[in-house]
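Undergrad: Here it is, the structure, as structure tokens.
The values are calculated or read from the model by the stated rules, or taken from the named source; none is laboratory data. Quantities reported herein were computed from a predicted structural model and do not represent experimental measurements. Neighbour counts run over all protein chains shown; Cβ positions are idealised from the backbone, glycine included.
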Amino acid sequence: EREPDKWCGWGGGAPVNVSWSDLEDSEGHVYAKASQLYGALPCTLCLLIVRHLFERYLATPLADVWGIRDKVRRTVEPNPTLENYFCSQARVPSQADVRSLCKKTSWPEKRVQVWFRRRRNQERPGLRKRFCEASWRCVFYFFAFVGGVLALYDKPWLYNLKEVWAGFPKQSMLPSQYWYYHLEIGFYLSLLLRLTFDVKRKDFKEQVIHHIATLTLLSFSWISNYIRIGTLVMALHDFADVLLEGAKVFNYAKWHQTANAMFVVFTVVFMLTRLVIFPFWLIHCTWVYPLEQFAPFFGYYFFNVMLLVLQILHLYWAFLILRMVYKFIFSKVCSQLVLLCSQGLFIRK
């Protein structure tokens, strides 16, 4: 019969017959604790401050050097009726509302539509703001990936995924894992806090889901001592993100050939890491290998469900990426065909 103080982990986060007392620091072994997650809060604050200083004193001067300028947009003429509708009801009025607004303002329909178009343009973030944000993310992901490689390159579980579960959950925490986790949690928490102030992208809702799922996954993996697999997941994600943000930076700087080349490399890396390695190596590692040592428990199901949520987002973003690649290739082919046709007509003439 099971001892009274033994229960199904901390809330089901660990296998049966593992309790808090089993993971108390002793004999040089140090284990992750839930209270240590509070350390991510000052880390988040530091990253927000570093980001502000980086964007102001590094990214902005770099934008000046590369000649990145915001487009001059025409301001709309003051109109309280249209402004009230824009702020309280819709940014893009329906045809029926346009006709109604025409009656209220005594403006022609085309003038009302132009007003709304220019008003929406005023709300769009400038190119320099996009450049600064992409530069910050690119720099962070680069250093995070390098830090992840340094923390993992000499670990046996990088080369043999079965080592991820060797001795689980009694796996001593390493200092490199502590800092790697806290930096990543602090970074994603800072992104979540800045979502309403940063450039609002088309996949805004998916970004919110991604950040919340990532923070939940990182926090739960820390509490449940799933640290080894957690560091592998973080390093795998950071690799592709460096290339994506780098491609954005060069695109904003109008280094289009460099940006296109980097985007192609990013596409290949994304498909390989997010659609092959992540599901068939890492999720397989968390789904199959633990069952060789212990029976399924709540933490096992919860962790794998969160990984599957990330995988669904990967599939969604892969669709968007492939659509962009298709449009890029198709536009290039069409332009070449137009050029060849025009040359042929010129020769015939």
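Undergrad: Quick check on this structure: which one of VAL146, VAL98 is part of a helix (DSSP H, G or I), more than 28 Å from ARG73 (Cβ to Cβ) and among the β-branched types (Val, Ile, Thr)?
TA: Just one listed residue meets the conditions, VAL146.
Undergrad: Please go through segment 74-95 and pick out each residue that is among the hydrophobic types (A, V, I, L, M, F, W, C) and in a helix (DSSP H, G or I).
TA: Of everything in segment 74-95, those that are among the hydrophobic types (A, V, I, L, M, F, W, C) and in a helix (DSSP H, G or I) turn out to be LEU82, PHE86, CYS87.
Undergrad: Would segment 191-205 turn up any residue that is without any contact (Cβ under 8 Å) to a residue 24 or more places away in the chain and β-branched (Val, Ile, Thr)?
TA: Scanning segment 191-205 turns up at least one residue that is without any contact (Cβ under 8 Å) to a residue 24 or more places away in the chain and β-branched (Val, Ile, Thr).
Undergrad: Can you pull out the residues in segment 52-85 that are of a type outside the set (A, V, I, L, M) and in contact with an Asp or Glu (Cβ under 9 Å, 6 or more places away or on another chain)?
TA: GLU55, TYR85
Every residue, every condition in (1) of a type outside the set (Asp, Glu); (2) in contact (Cβ under 8 Å) with a residue 24 or more places away in the chain, yes or no:
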{"position": "ASP64", "(1), (2)": "no, no"}
{"position": "THR75", "(1), (2)": "yes, yes"}
{"position": "PRO80", "(1), (2)": "yes, no"}
{"position": "TYR85", "(1), (2)": "yes, no"}
{"position": "VAL92", "(1), (2)": "yes, yes"}
{"position": "ARG99", "(1), (2)": "yes, no"}
{"position": "LYS104", "(1), (2)": "yes, no"}
{"position": "GLN113", "(1), (2)": "yes, no"}
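Undergrad: Does ARG74 fit the bill of being of a type outside the set (Phe, Trp, Tyr), modelled with pLDDT of 90 or more and surrounded by fewer than 17 Cβ atoms within 10 Å (Cβ to Cβ)?
TA: No: the conditions fail for ARG74.
Undergrad: I'm checking my understanding of the structure. Among residues of segment 105-119 that are under 12 Å from ASN79 (Cα atoms) and hydrophobic (A, V, I, L, M, F, W, C), which one is nearest to the chain's Cα centre (by Cα)?
TA: PHE116
Undergrad: Could you tell me whether any residue of segment 248-267 is buried (at least 22 other Cβ atoms within 10 Å of the Cβ), in the same structural domain as HIS29 (by TED's automatic domain parsing) and touching a Phe, Trp or Tyr at 6+ places or on another chain (Cβ under 7 Å)?
TA: yes
Undergrad: For TRP281, are the conditions met, namely being within 30 Å of LYS33 (Cβ to Cβ), surrounded by 19 or more Cβ atoms within 10 Å (Cβ to Cβ) and not basic (Lys, Arg)?
TA: no
Undergrad: Could you figure out which of (1) surrounded by 19 or more Cβ atoms within 10 Å (Cβ to Cβ); (2) in contact with a Lys or Arg (Cβ under 8 Å, 6 or more places away or on another chain) isn't true of SER135?
TA: So SER135 meets the others, but not (2).
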